[in-house]
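Below is one structure, written out as structure tokens; comments come after it.
Throughout, read-outs are computed from the coordinates displayed, never taken from laboratory work. Only a predicted model underlies this, so the values are computations on that prediction, with no experimental measurement involved. Note that we place each Cβ from the backbone using ideal geometry, even for glycine, and neighbour counts take in every protein chain shown.
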């Protein structure tokens, strides 16, 4: 046992758990999941499936002591004999010693975001009239006297009305506590920082005193636009006076370790301290990004007076600490779609404590503020052209319509294109294969790797490219089965059935072959099938055909890297002329930025949410029919993919 001592008896209703190699020790109730014990000991474990036992990535080695295991297909017989267990599926039965393998590191995205900036081409200057809800007003106040014993607050209100035409000012207790001292220390010359209100928030307030500053500090005013993505978080630091995006930063959402998709996180939130833990994780991520932006730009946290926040409905509820349980239970109802304004102190954001945090409105359980913000920034709500807007991510959200009408839905695409559920899948960081070509004569692949380093896995764009190349060259058939009779050693039978070797071990950074298996391919086909089925139902529900769509707008961080040609070849996108597709980048954070700069556009987002009709696909039999039809490459209806059929004939002839 070395230095670790545990009790020999298991009669106690508690057990001591020792974690190696950290040496941390904790006592827990018998029956506690190993993953829960790890959380209590502050041991990081990755639970991408939310602790459902589906991913097999929380393996630990039980070196000593009684542990009750559930059978799992994610553990081989050899691993079970060696003592491995899934931490989310095994419980403590006494004193145990566990060895925790090194966990997958979630690499920072800052460099990748900067790299993608040229492709996203976010505007640096705001093109509409500036009218932010945050206002800074310098006022000179007549000091009190025996002849004029008006209160400090009423004197401030009087001068704001006289000098700036502002009436009905209200104030909260934190600012009221420092008002008297600030006025006198500043010799009655101060800057009032006000939330003027936008007429769109559910509890619209204004004018409301956020802060009182000595002297004239009206030269600059800062705000934050925040996109809480399921995979990554993005923050824009903006100058509210000039309409300029000063800087931006991004990072993987810390919640990833507790589930890579929203359903997994909802399930995790129902376990013990799960909800509070998820809220802490996202706040840690966001506040880390805020700290970085503040430091990099030489400003103070208290100079940031407002934040607008977007994200899907689940992400917004987890950010606010609202129980998301009923989002996944029929009839799929969130706690709120138009969240109330809260203070930064209440929300836990590290900006001015009395600054306002405005979570933008969503539409339903699975169509959130990220989509209403995207519809705003894409301008599809003003166009006459029949438009399909798509945010391709773990939760495939889409909107069909134009200036006259908007119809929205969401499909549970899952995180396959984010690297989860695929044996050698990974996120788009250094070492990820991002594009692949297969020679149809010898079936040899060539590939491009992010960072020009030896490959460690395959990211989402690489998987789309690989799937398309394998199908077009005949490595797989339309159902995704690998042709094992090809004259190449790259097709073979592995531990999980048929597989294709993308990179031999000697050329990788991980020391073993990088492959894609038939199980992987099945997951990818299901993901692309769900997305295709989603927009097919949208179009057909209004009596139209996909060919009637005049433009397809693709938003989201992942969407900008999709190869249109390859996506059509696997049936992820409809077979339309390429010039109808447009990449828009992160439309969610851009919509949040717009709403910071303009109260009119903030009201427009609320109008968009109110105009949008939400189609619940889980209750629509047409979706399942379309989904089943899309579980082939590119589709069972090959007539809908004429360009793909033409290419197949050319390559295979």
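Counting just the Cα atoms, what span does the stretch 187-274 cover along each of its three principal axes? Round to the nearest Å and put the largest first.
That gives 55, 29, 26 Å along the principal axes, largest extent first.
What percent antiparallel are the DSSP beta bridges of the chain, to the nearest 5?
70 percent
What number, rounded to the nearest 500 deg cm²/dmol, is the helix-based mean residue ellipticity at 222 nm of the chain, given -39500 (n - 2.57) per DSSP H run of at least four residues and division by all its residues?
Computed ellipticity for the chain at 222 nm equals -9000 deg cm²/dmol.
Taking the 0 to 90 degree range and rounding to the nearest ten, how far is the long axis of helix 587-597 tilted relative to the main principal axis of the chain, both from C-alpha atoms?
For helix 587-597, the angle is close to 0 degrees.
Using the alpha-carbon centroid of each, what span in Å lies between the stretch 567-606 and the stretch 515-529?
Using only Cα atoms, the two centres lie 27 Å from each other.
Rg/Rh for the stretch 294-436: what does it come to with C-alpha atoms and Rh from Kirkwood?
My calculation puts Rg/Rh at 1.03.
Which angle between 0 and 90 degrees, to the nearest 10, do you get for helix 599-611 versus the longest principal axis of the chain when only C-alpha atoms count?
The helix 599-611 is inclined about 50 degrees to the chain.
Report the full-extension gain for the segment residue 29 to residue 512: residue separation times 0.36 nm, less the Cα-Cα distance, to one decimal in nm.
169.8 nm
Over the alpha carbons of the stretch 215-330, what is the largest minus smallest coordinate on each principal axis, giving the biggest first in Å?
53, 24, 22
Can you compute the equivalent ellipsoid semi-axes for the stretch 507-627, i.e. the square root of 5 times each eigenvalue of the Cα gyration tensor, sorted largest first and rounded to whole Å?
They are 30, 23, 15 Å, listed largest first.
Evaluate Rg over Rh across the stretch 578-653, taking Cα atoms for both radii and Kirkwood's formula for Rh.
1.18
What is the helix-to-structure angle for 152-164, meaning the angle in degrees between its Cα long axis and the longest Cα principal axis of the chain, kept from 0 to 90 and rounded to the nearest 10?
With both axes taken from Cα atoms, the answer is about 80 degrees.
Give me the extension gain from residue 158 to residue 653: residue separation times 0.36 nm, minus the current Cα-Cα distance, reported in nm with one decimal.
So the extension gain works out to 169.7 nm.
Based on a Kirkwood Rh over C-alpha pairs, give the Stokes-Einstein translational diffusion coefficient of the stretch 416-524 at 4 °C and viscosity 1.567 mPa s in µm²/s.
For these conditions, the coefficient is 96 µm²/s.
What translational diffusion coefficient, in µm²/s and rounded to a whole number, does the Stokes-Einstein relation yield for the stretch 440-497 at 4 °C and a viscosity of 1.567 mPa s, taking the hydrodynamic radius as the Kirkwood radius over Cα pairs?
It comes out at roughly 102 µm²/s.
Return the tail of the calculated pair distribution for the stretch 14-99, meaning the percent of Cα-Cα pairs more than 14 Å apart.
Here the long-distance tail beyond 14 Å is 57 percent of all Cα pairs in the stretch 14-99.
If you compute P(r) over Cα pairs in 20 Å bins from 0, in percent for the structure shown, which of [x] 16, 39, 26, 13, 5, 0; [y] 16, 48, 32, 4, 0; [z] 18, 46, 29, 7, 1, 0 do you land on?
So the structure-derived entry is [z].
Give me the distance in nm between label points sitting 7 Å out from Cα along the Cα-to-Cβ direction at residue 383 and residue 127, one decimal.
With each label placed 7 Å out from Cα toward Cβ, I get 1.3 nm.
Antiparallel as a % of all DSSP beta bridges within the stretch 14-99, to the nearest 5?
80 percent
When the Kirkwood hydrodynamic radius is evaluated over all pairs of different C-alpha atoms of the stretch 333-411, what value in angstrom, to one decimal, is obtained?
About 14.0 Å, per the Kirkwood formula over Cα pairs.
Over the alpha carbons of the stretch 134-214, what is the largest minus smallest coordinate on each principal axis, giving the biggest first in Å?
Rounded to whole Å, the extents work out to 43, 24, 18 Å.
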